[in-house]
Each structure stands twice: as C-alpha cells, then as structure tokens.
Amino acid sequence: MYRVWNFVTNYSLLLIIGALLALIWANSDPHGYHHFVEYPLWFNDWVGVDAKAWIASYGEDFHTGDTASRLRVLTAHFLVNDILMAFFFAIAAKEVWEAVILKNGSLRGRKAATPLFATAGGMLGPVTVYLGLATLLGSDVYDAAANGWAIPTATDIAFSYLVGRIVFGAGHPAVRFLLLLAIADDAAGLIILAIFYPSGALALEWLMLSLGAAIGVFVLFNWLPRTLDRGDQLRRKSTWVRNHLSFWPYLIAACLSWYGFQESGLHPALGLLPIVPTIPHADRAFGIFSEAEQYLTDLLNHIEHLLKHPVEIILFFFGMMNAGVEFSAIGAPTWLVFAGLIIGKPTGILLFGWFAAGPLKLGLPRGMRMIDLLVIGCVAAIGFTVSLFIASVAFEPGPVQDAAKMGALFSFAAAIISIVAGRLCRVEKRYG
C-alpha cells in the first residue's frame, strides 16, 4: 500500500476543489449556480430527464416552453450524475469484484469475516440513528426526511484511508481492516442504490438488454478467444482481440447496458456494473493501493488506467454539480445525516465488530485492540462522495435535499474527531 497519496490527490483533490467552488458560487449567486446545473444541453427522445417535468420546473428560467414534443432533455446535471459518474462507479465495482473473486482478494476467506460484520454494523448503526432521531423530531420531519436513511451509510474510501493512516500510521493492522471495511461498504452501497433508489418507474424487462450485452461481450471477446487458444502457448486469438479490438467491444456493451438501466428505472449511473466482470482480468488482486497493480497488463487494469484522468475531471464536475448548497439550507436533515455518520457509524462498527471478534470468536488482526474498532468507526464516518450522490437521488431538488447534502459535507468533521479519538484511546502509530 504505497500509493495512497497519489490515489487521494488523483481521485479527490479535484472533487474537493469542485465542491468548494460550488459552495462559494451557490452562496454568492444562487440563481447563476442553479442555471449552470440545470442547463439544457439537448432535447431528444432517448437520454435525459423527463422533458415535461423539466419544463415545469425550469423552463421559464431558460425561456423554454416548446421542445417540439421531445420526450427528454439532457441537462448538465444529468450528464454528470447519471452518465459520467457511471465510470466512477465502474472503477469502484472493479475493486470490489477483484476483492471478492480473485485469488488473494481482500474480501475472501476468514480474514474478511470480522470486517464484514463491522461493515454491517457501520450501515445499520447510521440507519438506526437517522430514523430514530427523525422519529423523535416528529412526524413532519420523519415524513420529509425518511427516504434519506441510506445517506449516512456511505464511507468515502479515499479520505477515510488517508485519515486512517494519519491516526494509526501506515503499518498498523487497523488500516488494513479499515480498507476492507470501506471496500465492503462500497459494495453494499451499490446494492442499496440499485434496490432502494430507482430513477423512475420500474420496467425490469429492460435489464435483459444489459444482461444480453454482458453475456454477448463476454462470450465473443473473452471466453471464445481463450477457448480457441487452448493448446496454443502464444495465445494468438486472444492476443489479436486484445491488440486490434482493445476495449471497444466492452465500451459498446457498456453503452447498451447503461441504456438498459436507464429504461429499466434503475439508476443509470450503475449501468456499467454488469460489464465489469466480463472484462479479462488478472489472476490475483494486489489491493487498491498496491504499487504492484500499476504493472498489471490485463485489459481490466488497462481500462482503469485509461479512465484515471477522465474520472478525476468527472469528480471535479460532480463536486460542482452537487455540493452547491446555500448555508441557509441547514436544517433537520443536516443533523440527521451528521448524527447518523458521527454517532451511528462508530457505534455500529464497535458493537458488530466486538460481537464478531468476541462471542463469535472470529478474532481481530494481530496487533489490533478492541478499542481500535471505535477509532476505525470514527474514521469511517467520513461520507462525502457517495453520501452526496445518495442525497441527490434520495430527495427531489429543494430544501430537504440541500439540507441533507450539507450533512454529507459536514462529515469531514469526522477527520478531527478521529484524531482526537486516537489520542484518547492511546493508539500507538506503526510505520512498518
């Protein structure tokens, strides 16, 4: 795990800059900011949000009333959140896939048991705190905010890993534990998005297009060349496919899969997930921050490297499109999200981790104490990226969504809380 600083600067620095610019813009010129976010790029019949609903909400502001009966409008917000962010989630899915399926994958076997239990606690704890406090605040708050229950379940893998190294030191076993928990959290977050936050009325028959694209590209461009190469040490067929076709068949399949997700009602940002497992991959996983991964030449890692810089830019615009919240929007959902992360995460991770390591006798990594689970929980309370994304799909644009987003932004306070908790719990840093 040598590339954490590169990873954080590559995937998070531009995101932070975009978020800060959005905050400044939204609080200095809110009309100009929202005009930028909802700018109509293309009226069409295939891609985008419902044109009638968009016109009802924003048409007057853009002096748009007649769209020649077009069904959809591709807005700047839809382009970033629903199309371009699909590449970000594809990279997350790639790491989860390798961790689960490959030899030496970090989520395989007994070593992952306690982190997986802690992950469950780190999701159930925030949900319990969020909904419990919403109930105490009255039916009006509960009815308005209940759909955002999943917002505080997220863990920002890059920022959490960075803070974890600051608190524990690079060589502490708790850092590895935190990384396993964050990867599992990402996997659970993808499932939650797919099941609980559809983008429209469900038409699941369209998933057959995604399934067909995944099966077709796997059979024709992965399984078939390898089958024809049996007995050929030079692997001529596979080599020809790799050299001449490269990633293009998978990109075409990804477009078909994305469209299938959009039409099915599932969130289209998850549309590339069925294609990721079909891409030829390495035989073993070295870990998301492992230096060895940069030397792998399989197509899956090659595609990830090609997406590196584009995803940096995508995350910048994601921050711009989603973090522009006026400070006056702070309200009950802000504190529900914040409490779910700051209180629910550490409590859930500690309780479930203790139950797995103690009564279930699954144990902790050597050199890790039970109290370290509490500190890990504080570090994992940094939600940010995925919390912002869930907030944008859990609520319609408006005061409740803005308030919930502010709670996700406030989760950066977990970094300070983690450092203080580390000192109070007498964490001994290890740099080996």
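The values are calculated or read from the model by the stated rules, or taken from the named source; none is laboratory data. For clarity, every value in this text was computed on a predicted model and none was experimentally measured. Here the Cβ is made from the backbone with ideal geometry for all residues, glycine too, and neighbour counts use every protein chain on show.
May I ask you to list the residues in region 298-342 that are touching a residue at least 24 places away in the same chain (Cβ under 8 Å), more than 17 Å from residue 387 (Cβ to Cβ) and not in a helix (DSSP H, G or I)?
The answer is 326, and nothing else.
Taking only region 340-391 into account, find how many residues are in contact with a Gly (Cβ under 6 Å, 6 or more places away or on another chain) and farther than 23 Å from residue 405 by Cβ.
8
For region 398-407, does any single residue satisfy the condition of being of a type in the set (Asp, Glu) and free of Cβ contacts under 8 Å to residues at least 12 places away in the same chain?
Keep residues of region 398-407 that are of a type in the set (Asp, Glu), which gives 402.
After this cut, where a residue has to be free of Cβ contacts under 8 Å to residues at least 12 places away in the same chain as well, the list is none.
The answer is no, given that none of the residues of region 398-407 is of a type in the set (Asp, Glu) and free of Cβ contacts under 8 Å to residues at least 12 places away in the same chain.
Quick one: which of 345, 361 is crowded, with 24+ Cβ neighbours inside 10 Å and of a type in the set (Lys, Arg)?
Details: 361 fails: crowded, with 24+ Cβ neighbours inside 10 Å.
From the options 345, 361, the qualifying one is 345.
For residues in region 176-231 being part of a loop (DSSP other than H, G, I, E, B) and aliphatic (A, V, I, L, M), which is nearest to residue 253 (Cα to Cα)?
203
Just for region 395-432: of the residues that are surrounded by fewer than 23 Cβ atoms within 10 Å (Cβ to Cβ) and small (Gly, Ala, Ser), which one is farthest from residue 117 (Cα to Cα)?
Out of the qualifying residues, it is 398.
Going by the conditions given, is residue 377 in contact with a Pro (Cβ under 7 Å, 6 or more places away or on another chain) and either crowded, with 18+ Cβ neighbours inside 10 Å or modelled with pLDDT of 95 or more (or both)?
For residue 377, the condition - in contact with a Pro (Cβ under 7 Å, 6 or more places away or on another chain) and either crowded, with 18+ Cβ neighbours inside 10 Å or modelled with pLDDT of 95 or more (or both) - is met.
Within region 45-90, track down each residue that is in contact with a helix residue (DSSP H, G or I) (Cβ under 7 Å, 6 or more places away or on another chain), farther than 15 Å from residue 35 by Cα and acidic (Asp, Glu).
82, the sole residue that qualifies.
From the list 176, 236, 242, 226, which residue is out of contact with any Cys (no Cβ under 8 Å at 6 or more places or on another chain), within 30 Å of residue 348 (Cα to Cα) and of a type in the set (Lys, Arg)? Write out each step before concluding.
Details: 236 fails: within 30 Å of residue 348 (Cα to Cα); 242 fails: within 30 Å of residue 348 (Cα to Cα); 226 fails: within 30 Å of residue 348 (Cα to Cα).
After ruling out the rest, the residue left standing is 176.
Residue under question is residue 100, and the condition is that it be of a type outside the set (D, E, K, R) and at pLDDT 85 or above; does it hold?
In short, no.
Give region 163-175 a look and list any residue that's buried (at least 21 other Cβ atoms within 10 Å of the Cβ) and part of a helix (DSSP H, G or I), or say none. Don't jump to the end; show me each part of the working.
Step one: list which residues in region 163-175 are buried (at least 21 other Cβ atoms within 10 Å of the Cβ), which gives 163-165, 167-168, 172, 174-175.
Across region 163-175, the qualifying residues are 163, 164, 165, 167, 168, 174, 175.
Quick check on region 131-143. Is at least one of its residues of a type in the set (S, T, N, Q), within 20 Å of the chain's Cα centre (by Cα) and either modelled with pLDDT of 95 or more or more than 18 Å from residue 343 (Cα to Cα) (or both)?
no
When residue 387 is evaluated against the numbered criteria (1) touching a residue at least 40 places away in the same chain (Cβ under 8 Å); (2) surrounded by fewer than 24 Cβ atoms within 10 Å (Cβ to Cβ); (3) farther than 20 Å from residue 137 by Cα, which criterion, by number, is the only one it fails?
Failed condition: (2).
Pick from region 250-294 the residues that are of a type in the set (Gly, Ala, Ser), buried (at least 23 other Cβ atoms within 10 Å of the Cβ) and in a loop (DSSP other than H, G, I, E, B): which of them is modelled with the highest pLDDT?
Here the answer is 271.
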